[in-house]
DNA sequence: AGGGATATTGACAACGGTTGTCAGTAGCGT
DNA sequence: ACGCTACTGACAACCGTTGTCAATATCCCT
């Protein structure tokens with residue numbers, strides 16, 4: 001019942017801003033460095049808290065890099081309300097640049113395969129990593 | 001040049017055995033507990049070392065669970081030399097039971113999507129998690 | 001067999017990313 | 001203004017995993 005009210009803070013705005021300014025996925029650490037670098041004091045804990053909340057609210061996409069670190073990016077070009085449909089990402093492992101990809105075929109394939117094996121309550125993870133054209137020749 | 005020779009040890013055999021006995025994916029911790037439980041003293045570090053080496057040798061498959069923990073399983077029914085082709089897994093998030101799945105369509109789809117976006121040096125992660133038939137009604 | 005070179009072991013510490021703690025601070029409704 | 005309380009952030013804890021290094025076990029060689 002008691003929906004606790006949300007407050008606007010300088011740090012929260014800074015996180016939103018930095019995310020909006022980024023053109024790709026950022027790790028919490030990178031975001032933290034970015035903010036401090038631009039003279040915007042913030043605590044690492046606070047960065048994590050905002051990212052976690054944004055992720056829960058579906059405002060940011062989260063991908064888990066091969067090394068296990070999480071990277072975040074504002075969800076969809078226009079995070080205007082609508083709870084973004086299921087999609088995956090093609091992420092540059094060098095600069096974080098990413099492209100959203102949708103693969104209805106893959107989605108249905110995954111569910112079909114799982115169902116055929118008698119699995120229920122199915123979910124899946126799918127990320128594609130590579131090096132974007134900007135880093136072509138190494 | 002100098003290929004250092006490998007030695008057979010009780011611990012190494014124990015790890016292989018436990019992996020062979022398991023019918024699904026095991027985390028390093030679970031494997032460690034299993035071995036100690038059956039009165040087979042071993043160090044956690046050693047377990048990790050063997051798993052890492054097995055993974056490097058392609059003798060075990062590794063999946064990263066949604067919570068980030070790694071789980072291991074002997075590769076293919078018969079790990080008879082041949083360097084197993086690329087495949088993915090359908091894993092029960094309750095008991096670790098898993099099924100190997102192959103999706104040529106998905107593989108090519110992933111590469112095509114990446115190539116279309118100008119990405120090179122492409123790799124991808126894909127895991128499907130669910131609850132196997134044994135745990136159907138919760 | 002015996003012995004020596006060295007791969008392996010394992011208790012322990014360190015690491016890296018992330019989350020919990022909690023007193024202090026700052027937004028917001030009144 | 002004032003007070004309630006969400007938010008902040010330095011710090012410690014956590015968890016899976018890897019590094020360290022002296023002690024040990026294995027294997028090759030004679």
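Would you work out the relative contact order for the stretch B:91-138, in percent, from Cα pairs under 8 angstrom that are 6 or more residues apart?
57
Between residue A:66 and the same site in the other copies, what are the distances in nm, shortest first, taking label points 7 Å from Cα along the C-beta direction?
2.4
How compact and how long is the protein assembly as shown, expressed as Rg and Dmax of its alpha-carbon atoms in Å?
21.6, 69
With a cut-off of 8 Å between alpha carbons and a minimum separation of six or more residues, what is the relative contact order of chain A in percent?
Details: 138 pairs, mean separation 27.8, N = 138.
Dividing the mean separation by the residue count of chain A yields 20 percent.
Please work out the Kirkwood hydrodynamic radius for the stretch A:1-77, using every pair of different C-alpha atoms, and report it in angstroms with one decimal place.
It is 12.9 Å.
Please report the spacing between the Cα centers of the stretch B:40-65 and the stretch A:83-126 in Å, no decimals.
Using only Cα atoms to place each centre, the spacing works out to 28 Å.
For helix B:44-56, what angle does its Cα long axis make with the longest principal axis of chain B, in degrees from 0 to 90 and rounded to 10?
40
Which whole number in µm²/s is D for the stretch B:92-138 by Stokes-Einstein, with the Kirkwood Rh taken over Cα pairs at 10 °C and 1.306 mPa s? Write out the running numbers ahead of the final one.
On the way: Rh = 13.0 Å.
Reported coefficient: 122 µm²/s.
Give the nm distances, rounded to one decimal, from residue B:53 to the matching residue in every other copy, measuring between label points 7 Å along Cα toward the beta carbon; shortest first.
Those separations, rounded to one decimal, come out as 4.9 nm.
Taking the 0 to 90 degree range and rounding to the nearest ten, how far is the long axis of helix A:28-37 tilted relative to the main principal axis of chain A, both from C-alpha atoms?
30
Note down the Stokes-Einstein diffusion coefficient of chain B in µm²/s, whole number, using a Kirkwood radius over alpha carbon pairs, 4 °C, and 1.567 mPa s.
Translational D for this selection: 77 µm²/s.
Quick one: helix A:10-21 against the long Cα principal axis of chain A, what's the angle to the nearest 10°, folded into 0 to 90?
With both axes taken from Cα atoms, the answer is about 50 degrees.
Read-outs: derived from the displayed coordinates by stated rules, not from any lab. All values reported here derive from a predicted model rather than from experimental measurement. Positions of Cβ are generated from backbone atoms using ideal geometry, with glycine treated the same way; all protein chains shown enter the neighbour counts.
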